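> This is the structure I have questions about; it appears just below.
What follows is calculated from the coordinates using simple rules that are stated; it is not laboratory data. Quick caveat, the model's predicted, so the values are computed rather than measured. With ideal geometry, Cβ positions are generated from the backbone for all residues, glycine too; neighbour counts draw on all protein chains shown.
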Amino acid sequence: MSLWDMLVQIAVANVLTFGNGTVMAAVLQSSFVQQAHVLTNEQLLFAFALARVTPGQANLYVASIAYMMFGLPGAALSMVVIALPSYLMIPLLRTYEFVRGSQLVYGLTRGLGSTAVGLLLATTWSLGKDSLNGPVAWVVFGLGLDEHYFKQRYYADPLILFRIFNYPHSNTTQSGETAWGVGEHTDYGLLTILRQDDTGGLQVKSRSRWIDAPPIPGSFLCNIGDMLERLTRGIYRSTPHRVINTSPRDRLSFPFFFDPSFDARMLPVEGLSNEALADDSAERWDHATVHDFSGTYGEYLLSKVSRVFPELVDEMLGQVKVKGQR
């Protein structure tokens, strides 16, 4: 890839992402890593992380990438390419001031914001998967296991789900009782990576008491799931949490669920203590202990979902049976 080609790619990415340096990572990963092979995921991840902790994200992020490829000349020219569209956007921004009160424009900008968060999470997952062998690499290192241990046994084909939740601002029922956006629960799988808006309302349970988990700008919150507690025999505990929105506006939440393979057997990590674990079912929200379960993650997941959506589980099992008969 020539210097000119790099600058063109950066200019296109800048326009497509409206100059958002973090969202731009998804576009640049496709261009520089997957197609041209001029950068590695590790190099892109380094520049991506650097941008997240410094002001002027897009400028510094792109300059770091250009410096890796073409030194100081590349970095300097990339800064020009990033800055130039800002001046061209001035007329558009002035027009926006006149129409920003429109419901259509409000809905469009809100949708673009949600899409940007989705791209950011997807890119973070893609970079992390290739660079660190998955989101639970810190667990592997902490337990002194081989780096491929979890992937080979538990998530060779992981269940991955990204969702966007909206919590209405109403916080009381007609009878005056508290109306929880979602009551106390734990997540079922391995790890949940959560991005919140600035509304607040999330609480986590620690030592039998509830504490607020207010959003911190530029950060993600990680919840440990039931299966990670089971696999590590309680060394890592799943996180009870709940949500209530007491603010005067709706709350948006962006969870990314990383779960084991559907058919993976949930056997504890080898070599851990075999001492009997204390029965914590009386303290848990579902009055059950994850350590008594034996089977695949799919069986555990369906047993939980069936309590809330029994018809959905019957339909899923029916489809699986039909496919098996073909």
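> Of Trp285, His185, Phe256, which is farthest along the charge dipole of region 133-294 in the positive direction, counting Lys and Arg as +1 and Asp and Glu as -1 at C-beta?
Farthest towards the positive end: Phe256.
> Kindly provide the pair-distance distribution of region 133-294 built from C-alpha pairs, with 5 Å bins from 0 and whole-percent values in order of increasing distance.
Calculated over all Cα pairs of region 133-294, the distribution is 2, 8, 16, 20, 17, 15, 11, 6, 3, 1, 0, 0 percent.
> How big is the dipole moment of region 133-294 about its Cα centre under a simple scheme where the beta carbon of each Lys and Arg is +1, that of each Asp and Glu is -1, and everything else is neutral? Debye, nearest 20, please. Provide the component values of the computation, followed by the final result.
Numbers: 15 positive and 21 negative charges, 68 e Å.
So the magnitude is around 320 debye.
> If packing is taken as the mean number of other Cβ atoms within 10 Å per residue, what is the order of 291-301, 206-216, 139-149, 231-241, highest first?
The densest-packed peptide leads the list: 231-241, 291-301, 139-149, 206-216.
> What residue among Thr246, Ile160, Phe141 has its Cα farthest toward the positive end of the dipole of region 133-294, where the charges are +1 on Lys, Arg and -1 on Asp, Glu, each on the Cβ?
Thr246
> Between Phe220 and Leu16, what is 0.36 nm times their sequence separation minus the Cα-Cα distance? Round to one decimal in nm.
Difference between extended and current length: 71.0 nm.
> Work through the residues other than Tyr236 whose Cβ is under 13 Å from its Cβ and net out their charges, Lys, Arg +1 and Asp, Glu -1.
That works out to 0.
> A follow-up question, please. So for Asp5, Asp259, fewest C-beta neighbours within 10 Å to most, what's the order?
Details: Asp5 12, Asp259 26.
Fewest-to-most ranking of Asp5, Asp259: Asp5, Asp259.
> Expressed in whole Å with the largest first, what are the equivalent ellipsoid semi-axes of region 179-223 derived from the C-alpha gyration tensor as the square root of 5 times each eigenvalue?
Working: eigenvalues 58, 43, 25 Å².
Equivalent ellipsoid semi-axes, largest first: 17, 15, 11 Å.
> If you don't mind, there's one more thing I want to ask. Tell me, in nm to one decimal, what length is gained between Leu72 and Glu184 on full extension, where the rule is 0.36 nm per residue of separation less the Cα-Cα distance?
So the extension gain works out to 35.0 nm.
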